[in-house]
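Visitor: Let me begin by handing over the structure; questions about it come next.
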Amino acid sequence: MPRPERQETNTRKKKYEHSPSDDERKSSRNHKNFKHSETSHSDDDDNAHRKQSSSSSRNGIKSLYKEPSEARVPEQRWRLSVSKEGEDFPPYRIYRQSKYIFGRDKDQCDIRLHHASCSNIHAVLQYRLRTDSHGRHIYPYLIDLDSSHGTYLNRRRIDANRFYKLEENDVIQFGESSKEFILLLDTDSSNKHSNDSKRSNQHKHHDNKAKSSDEDENDIDIPDEENEEEIIRRQRLRREQLKQKLIEKEPVDESSVDSDAMQAQQSTPTTSEATPPINNTNKIINVDDDEQAAFLNHCIEQERIDFEKCAQDKRNANIDSEPMPGNDANSPSITNQLRNEELERRKAVTNNYDMFADDADYVDTNSPGAWRRRGNSKESENPHLIDNWDDSEGYYRVHIGEILNNRFEVFGFTGQGVFSNVVRAREETGGKSTEVAIKIIRNNELMNKTGWKELEYLRKLNENDTEDRYHCLRLLHHFTHRHHLCLVFEPLSMNLREVLKKYGKDVGLSIKAVRSYAQQLMLALKHLKKCNILHADIKPDNILVNETKLYLKLCDFGSASYGSDCEITPYLVSRFYRAPEIILGMKYDFAIDLWSVAVTIYELYTGRVMFPGKSNNDMIKLMMDLKGKVPNRIIRKGLLKDKHFDRDCNFLYHEIDKVTERDKITTVTNINATRHLLSLLVGHQRLPDDQMKKVVQLHDLLDKILVFDPQKRLNIKQAFEHQFIQERQ
């Protein structure tokens with residue numbers, strides 16, 4: 001017989017009244033956590049420090065993250081100091097568990113994140129038992145769980161699903177939140193914490209347990225009232241000191257990155273700490289970057305490539321005499337565009353350049369790189385022209401046989417660029433003649449300042465590569481000669497554009513040579529990233545090779561900057577090699593150099609420029625012809641999006657009307673990829689199986705680098721470990 005409606009309601013009400021409250025459930029959970037923590041610390045055996053299987057779930061919900069076998073509860077008292085825009089928050093105690101999950105999910109996360117850009121399960125701070133030169137110790141590590149907007153360590157985004165070792169005073173940020181979590185170590189109380197965990201006195205154990213049950217809520221450290229102001233003052237002081245350090249702090253050293261991937265930790269635990277990680281192609285990856293670079297350079301020295309024979313073989317492999325569509329990399333039109341584009345690009349380095357102004361607001365002053373706004377006063381005369389040392393544009397007039405700095409005798413010219421001219425010279429020392437290249441910076445205040453910055457970057461790169469393993473040009477000496485800064489470099493044969501013109505005209509270079517060049521460029525990018533330097537002008541012209549044409553060096557750091565000094569400008573990097581985030585006016589990082597390297601690699605193999613755009617707008621059009629429409633969320637991030645897209649993210653194509661010869665803008669609403677990258681790489685060639693395999697690998701590498709979203713682009717380490725780079729023919 002059905003129960004009356006009122007009686008049923010009362011029964012439900014009675015049942016609800018007897019259910020535990022949220023505070024009761026939280027208190028019960030904290031009591032269990034404390035009890036487990038006391039139990040974990042009661043034994044000296046390492047196994048007693050491991051996280052129990054029951055801790056892999058929270059509130060009855062199974063966690064997606066599985067702890068590695070070396071997970072341990074820390075021996076030291078770590079905590080996270082929290083601040084946001086100068087305001088301090090109570091710190092988090094993070095030494096009672098072997099892991100702490102960060103995210104928005106209140107049921108699974110130990111430390112809640114509230115910013116909309118944070119993922120439900122965002123990242124984990126994991127304590128791990130590791131063996132090093134100091135013995136066996138438990139260290140904190142940070143791992144990003146493939147979050148949507150990333151995790152940042154010391155203001156640099158870390159790779160997903162990889163452990164990063166943390167140190168005291170490291171700053172952690174999640175997504176786009178401005179809240180900072182600073183890792184601190186309470187050294188004064190670390191011994192006390194270790195001793196308290198081993199006490200056998202039952203009375204003190206219950207007192208500590210009762211006291212800890214209040215403090216454990218949300219793992220927030222609530223200091224005593226009489227010390228709270230002093231602690232906050234000390235935290236504020238330490239944070240200010242830390243921020244000052246971070247301005248000059250090196251980026252996260254990749255040697256501190258634990259090579260265990262997320263999948264590896266969920267499989268069988270490793271038995272030896274010394275066993276190097278293995279990639280998908282069963283190749284051992286050397287943990288020591290320097291040793292790996294030395295080994296690869298040794299392999300390069302052993303290689304032998306007959307460039308002329310390879311070029312002829314490549315021509316013979318063509319089954320169609322019809323040339324491939326696209327612009328030859330050494331055609332007069334491309335060469336002229338590169339020269340003229342330098343004038344456009346160098347506008348960005350003038351002091352009064354406004355990136356939002358129209359190009360018509362500027363006039364050419366007939367001097368490479370010298371631009372001024374309309375209405376400004378005339379350019380000042382060269383004060384040293386009366387001595388006949390310089391020409392009207394500030395270039396030094398060099399004479400064959402001239403002695404520079406009382407030691408270098410000029411015997412030839414190499415070329416002239418926007419910032420300088422380059423000569424070849426000899427130095428006589430101890431009856432021995434040494435050949436060098438000397439870059440003479442223009443006698444111009446702006447160019448001189450740029451030259452000193454280049455000197456600073458070269459010094460840092462060379463000082464961090466004393467064994468010359470990372471393919472960045474060596475600076476041998478510098479001096480000032482008649483108001484000109486002069487940089488003395490090691491001599492090299494020719495640049496890659498000249499190599500391409502001599503050995504790969506119309507067809508490009510062999511896949512074997514391209515793979516070797518790509519590997520060396522990736523080593524250079526790794527070194528640049530380690531030194532926190534963006535090159536910002538990588539192209540075949542700025543890559544020099546030695547006499548064998550096998551060993552290359554990255555040169556011309558006149559456009560370089562530190563990773564933290566990035567300014568929005570649409571003219572950074574030569575246009576053909578310019579990443580889409582620069583054109584759209586987005587924030588950029590080391591990914592722009594990787595984009596330039598990818599475009600350069602394509603050009604070396606095919607002999608054709610990948611994106612020969614005549615303007616930034618044309619560049620976006622050519623990129624979308626290959627990769628499809630730029631995602632709307634990427635467009636909306638750009639400060640310069642209105643130059644190329646309307647408010648509905650439709651593309652605004654700028655072109656010249658063939659009838660009226662005037663500029664016209666066409667709104668393109670539907671954009672699909674019309675070019676196929678693999679077809680462009682293969683062309684009309686009939687390739688052997690081994691070469692075809694490498695071309696397919698090259699396609700995969702380029703396709704994963706040339707992505708509009710910089711965050712989804714392969715990073716430098718992933719690109720270096722790609723099978724195209726690692727597998728030799």
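Visitor: With the checklist (1) in a helix (DSSP H, G or I); (2) surrounded by fewer than 19 Cβ atoms within 10 Å (Cβ to Cβ); (3) of a type outside the set (F, W, Y); (4) modelled with pLDDT of 95 or more in hand, flag the one item V707 doesn't pass.
Guide: (1)
Visitor: Are there any pairs, at least 6 apart or on different chains, whose C-beta atoms fall under 8 Å, with the first in segment 443-462 and among the β-branched types (V, I, T) and the second surrounded by 17 or more Cβ atoms within 10 Å (Cβ to Cβ) and assigned to a helix (DSSP H, G or I), and if so, which?
Guide: Between residues of segment 443-462 that are among the β-branched types (V, I, T) and residues that are surrounded by 17 or more Cβ atoms within 10 Å (Cβ to Cβ) and assigned to a helix (DSSP H, G or I), the close pairs are T450/V349.
Visitor: While we're looking at this one, here's another question. Have a look at L626, L572, L594, L604 and point out the one that is not in a helix (DSSP H, G or I) and not hydroxyl-bearing (S, T, Y).
Guide: Details: L626 fails: not in a helix (DSSP H, G or I); L594 fails: not in a helix (DSSP H, G or I); L604 fails: not in a helix (DSSP H, G or I).
Exactly one of L626, L572, L594, L604 is not in a helix (DSSP H, G or I) and not hydroxyl-bearing (S, T, Y), namely L572.
Visitor: Give me a count of the residues in segment 84-115 that are surrounded by 19 or more Cβ atoms within 10 Å (Cβ to Cβ), in contact (Cβ under 8 Å) with a residue 60 or more places away in the chain and not in a loop (DSSP other than H, G, I, E, B).
Guide: Matching residues across segment 84-115 total 6.
Visitor: On to the next question. Quick check, is Y562 surrounded by fewer than 22 Cβ atoms within 10 Å (Cβ to Cβ), more than 27 Å from K693 (Cα to Cα) and of a type in the set (F, W, Y)?
Guide: Numbers: surrounded by fewer than 22 Cβ atoms within 10 Å (Cβ to Cβ): yes; more than 27 Å from K693 (Cα to Cα): yes; of a type in the set (F, W, Y): yes.
So Y562 fits the description; yes.
Visitor: Given (1) among the acidic types (D, E); (2) outside any helix (DSSP H, G or I); (3) touching a residue at least 40 places away in the same chain (Cβ under 8 Å), where does E427 come up short, assuming only one miss?
Guide: It fails just one condition, (3).
Visitor: Which of the numbered conditions does Y141 fail, given that it passes all the others? Conditions: (1) in a loop (DSSP other than H, G, I, E, B); (2) within 22 Å of the chain's Cα centre (by Cα).
Guide: Unmet condition: (1).
Yes/no matrix, rows are residues, columns are (1) over 34 Å from the mean Cα position of the chain (by Cα); (2) of a type in the set (K, R); (3) surrounded by 15 or more Cβ atoms within 10 Å (Cβ to Cβ); (4) at pLDDT 50 or above:
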{"site": "T268", "(1), (2), (3), (4)": "no, no, no, no"}
{"site": "T271", "(1), (2), (3), (4)": "no, no, no, no"}
{"site": "K283", "(1), (2), (3), (4)": "no, yes, no, no"}
{"site": "E291", "(1), (2), (3), (4)": "no, no, no, yes"}
{"site": "R304", "(1), (2), (3), (4)": "no, yes, no, yes"}
{"site": "E308", "(1), (2), (3), (4)": "yes, no, no, yes"}
{"site": "A317", "(1), (2), (3), (4)": "yes, no, yes, yes"}
{"site": "D320", "(1), (2), (3), (4)": "yes, no, no, yes"}
{"site": "P323", "(1), (2), (3), (4)": "yes, no, no, yes"}
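Visitor: Further, regarding this structure: Out of everything in segment 674-686 that is surrounded by fewer than 16 Cβ atoms within 10 Å (Cβ to Cβ) and part of a loop (DSSP other than H, G, I, E, B), what residue ends up being modelled with the lowest pLDDT? Steps first, please.
Guide: Taking segment 674-686 and keeping what is surrounded by fewer than 16 Cβ atoms within 10 Å (Cβ to Cβ), we get 674-676, 678-679, 684, 686.
From what's left, part of a loop (DSSP other than H, G, I, E, B): 674-676, 684, 686.
On the way: T674: 91, R675: 91, H676: 93, H684: 81, R686: 84.
Looking at residues that are surrounded by fewer than 16 Cβ atoms within 10 Å (Cβ to Cβ) and part of a loop (DSSP other than H, G, I, E, B), I get H684.
Visitor: Do you know which of the residues in segment 537-554 that are buried (at least 22 other Cβ atoms within 10 Å of the Cβ) and touching a Cys at 6+ places or on another chain (Cβ under 9 Å) is farthest from T414 (Cα to Cα)?
Guide: The selected residue is L554.
The values are calculated or read from the model by the stated rules, or taken from the named source; none is laboratory data. Quantities reported herein were computed from a predicted structural model and do not represent experimental measurements. For neighbour counting, all protein chains shown are included, and Cβ atoms are generated from backbone atoms with ideal geometry for every residue, glycine included.
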